[in-house]
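*Asks:* Below are the structure tokens for one structure; questions will follow.
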Amino acid sequence: MTNPRIAVIIGSTRDTRFADKPTEWFMKRASARTDLDFEVLDLRDFPLPFFNEVASNAWAPTQNEVGQRWQRTLAEFDGFVIITAEYNHAPTAALKNALDYAYPEWNKKPVSFVGYGSVGAARAIEHLRGIAVELQMAPLRTAVHIQGGDFIGVWQQGKSLEELTYLEPGVTALFEELAWWANALRTAREMTTPPQEIQVSSS
């Protein structure tokens, strides 16, 4: 069986975003895994307009071409890691919009988070976990938080994320949980008959 495919989504699109540093740092560790295949999805490559469809694609096909491309891309993956900032105690508008632009493509797949900021994006990640549940995802317990003086040091003072060795056990735990849930849920998706295909007996 092939490895589960995991998308690492960069959740900020600002010109001066910090997100590239934790993404590079995380992907270096992800590349060492032999049981999961990781790929970066940058929201800059999917310039989604603010959601203006007649409904979620759970109920009606999306008309916007970028939205359709986003959905097709997400459908190829078995799980997700979101690299997230925190703006005013919440995720970025670009990330929330991207989450809203799909529905079945998120369903029954695991998701975890790498957050950065003064509190390691802890409040944004709590928001995202609730959103993930509504999208029928399985948010993992373990997340990675780059916070406080360490975040300021990397952002403004030339410190390297490689120096933050205390984060390594959390990264390892995230990978282990992600591998288990990605495999379990992929197996369940493959073995479960979609509701519309269930044949109801007339007897």
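The values are calculated or read from the model by the stated rules, or taken from the named source; none is laboratory data. What you see is a predicted model, and the numbers here were worked out from it, not measured in a lab. Don't worry about glycine lacking a Cβ; one is built from the backbone with ideal geometry, like all the others, and counts go over all protein chains shown. The protein model used for the area step is the full one, side chains on, heavy atoms only, and it has no ligands, DNA or RNA in it. Shrake-Rupley method; radii C 1.70, N 1.55, O 1.52, S 1.80 Å.
*Asks:* Would you give the gap between the C-alpha center of region 1-54 and the C-alpha center of region 96-137, rounded to a whole Å?
*Replies:* Spelled out, the Cα-based centre of one part sits 13 Å from the other.
*Asks:* How much of the DSSP bridge set in the chain is antiparallel, in percent, rounded to the nearest 5?
*Replies:* Details: 1 of 23 bridges.
Rounded to the nearest five, the antiparallel share is 5 percent.
*Asks:* Compute log10 of I(q)/I(0) for the chain with the Debye formula, placing one identical point scatterer on every Cα and leaving out solvent, at q = 0.08, 0.10, 0.18 Å⁻¹, to two decimals.
*Replies:* The Cα Debye sum returns log10 ratios of -0.28, -0.43, -1.31.
*Asks:* Just give me a number: lysine pairs in the chain, eight or more positions apart or cross-chain, with C-alpha atoms less than 28 Å apart.
*Replies:* Number of lysine pairs found: 9.
*Asks:* Using the Cα gyration tensor of region 52-149, with a ≥ b ≥ c the square roots of its eigenvalues, what is the shape: rounded (a/c below 1.5), prolate (a/b larger than b/c) or oblate (neither)?
*Replies:* Details: a/c = 2.35, a/b = 1.78, b/c = 1.32.
Prolate, because a/c is 1.5 or more and a/b exceeds b/c.
*Asks:* For a quick check: with amide H placed at 1.01 Å from N, whose amide H comes under 5 Å from Val40's, ignoring anything fewer than 5 positions away on the same chain?
*Replies:* Val8
*Asks:* Sticking to Cα atoms, compute the Rg of region 103-144 to one decimal and its Dmax as the biggest Cα-Cα distance, whole number, in Å.
*Replies:* Considering region 103-144 through its Cα atoms, Rg and Dmax are 10.5, 34 Å.
*Asks:* Zone of Thr2 (label point 7 Å along Cα→Cβ, backbone N under 17 Å): which residues in region 148-189?
*Replies:* Flagged as within label range: 182-189.
*Asks:* Which percent of the accessible area of region 107-170 is formed by carbon and sulfur heavy atoms (probe 1.4 angstrom)?
*Replies:* Numbers: 1570 of 2910 Å².
That fraction is 54 percent.
*Asks:* Going highest first, how would you order 113-123, 84-94, 154-164 by mean Cβ packing within 10 Å?
*Replies:* Numbers: 113-123: 22.2, 84-94: 18.5, 154-164: 12.7.
Descending packing order for the listed peptides: 113-123, 84-94, 154-164.
*Asks:* Could I ask something else about it? If a paramagnetic tag sat 7 Å from the Cα of Ser160 along the Cα-Cβ line, which residues of region 18-41 would have the backbone N under 13 Å from that point?
*Replies:* It comes to 25, nothing else.
*Asks:* Using the Cα gyration tensor of region 9-111, with a ≥ b ≥ c the square roots of its eigenvalues, what is the shape: rounded (a/c below 1.5), prolate (a/b larger than b/c) or oblate (neither)? Don't jump to the answer; show the numbers that get you there.
*Replies:* Numbers: a/c = 2.09, a/b = 1.32, b/c = 1.59.
Oblate.
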